[in-house]
Structure formats: C-alpha cells, structure tokens
Amino acid sequence: MTPEEETQLLADLGSTDHEARRHAQERLFHTYRPPLSRLLARILGPDVDDCLQEVFLDVFAGLESFEGRAKLSTWIWRIALRRAWKVAASRRRGAHRHADEPGLAEAAEAATPEVGAHLAEAELAA
C-alpha cells in the first residue's frame, strides 16, 4: 500500500460517513488478512481464525488511538504479533497445565458411574 493510499484509507476509517468507514474497514481487512494469516500460521500453526479475528477487533478498536508515528501496516503487524504471542503463551500454559494433571478422563472410564460423572464434571470445570 502506497503512503497516499494509506493516508486515504486512514481518512476513510475516521470518516463520519458510515458507508465510507465500512468500505474502508473492508479494504483494510481484505488487504491485510492474507499476510496476517500467513504470519499467524507461522507462529501458531494452522488454527489461526480466532486469533485473526481478535487482531482485527484490536485494530478497529484502536484506530482512534493510532498516532501515525509509524506506518499503518507496521502498527497492524505489531498488534498481530502481540496477539499471537499471547495466544501462543496461553496455549503453552494450557498444555503445561493439562500435562501436570492426572488423566481425569482415564480415571473416569475406570471408575464407577457416579465417580466417573464427578470426574467428568471436574474435567469440564478445569
């Protein structure tokens, strides 16, 4: 995206004209979705849809605070990287937590139905 296109896109994103703003949001989404998907897939693997959605929610929510000290693309990439790092850290904590827990599913299978139901509820709560 050229600097002139970026300037126009930012102007349209800040427009009071609802239709112009919606069209600008669509342009931003369709411009950055493919490269952001590839970036997130390199960090998180193939399951990136939720993270990508959160990135765009962060971008659209933060547009008013965008100061223009960096290029719009740089700002968006930074948001995407931060979100990906948070998701990756959350996944690592979740995997670590589940690795430390005894196998509740295995215990539920071997237990009586009452104990199995209790353990299944405990697993769902965890």
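The values are calculated or read from the model by the stated rules, or taken from the named source; none is laboratory data. Nothing here was measured: the structure is a model prediction, and the numbers come from that model. When we count neighbours, we look across all protein chains shown, and the Cβ atoms used for this are built from the backbone with ideal geometry, even at glycine. For the accessible areas, the whole protein counts, side chains as well, though only heavy atoms, and no ligand, DNA or RNA atoms are used. Shrake-Rupley method; radii C 1.70, N 1.55, O 1.52, S 1.80 Å.
Quick look at the values:
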| read-out | value |
| --- | --- |
| R93 being assigned to a helix (DSSP H, G or I), modelled with pLDDT under 90 and of a type in the set (D, E, K, R) | yes |
| Members of segment 2-46 found to be of a type in the set (D, E, K, R) and open to solvent by 50 Å² or more (accessible area, probe 1.4 Å), listed by number | E4, E5, D17, E19, R21, R22, E26, R27, R33, R38, R42 |
| Qualifying residue in segment 59-71 (condition: modelled with pLDDT under 90, open to solvent by 70 Å² or more (accessible area, probe 1.4 Å) and basic (K, R)) | yes |
| Residue selected from segment 1-39 under the condition more than 14 Å from the chain's Cα centre (by Cα) and among the polar types (S, T, N, Q), by the criterion farthest from R92 (Cα to Cα) | T16 |
| Selection count, segment 40-76, where residues are over 12 Å from the mean Cα position of the chain (by Cα) and under 26 Å from Q8 (Cβ atoms) | 17 |
| Meets criteria (at pLDDT below 95, open to solvent by less than 60 Å² (accessible area, probe 1.4 Å) and either among the basic types (K, R) or closer than 22 Å to E4 by Cα (or both)) for L104 | no |
| Only one of L57, L10 that is touching a residue at least 40 places away in the same chain (Cβ under 8 Å) and assigned to a helix (DSSP H, G or I) | L10 |
| Any hit, segment 55-71, residues being touching an Asp or Glu at 6+ places or on another chain (Cβ under 8 Å) and under 27 Å from R22 (Cβ atoms) | yes |
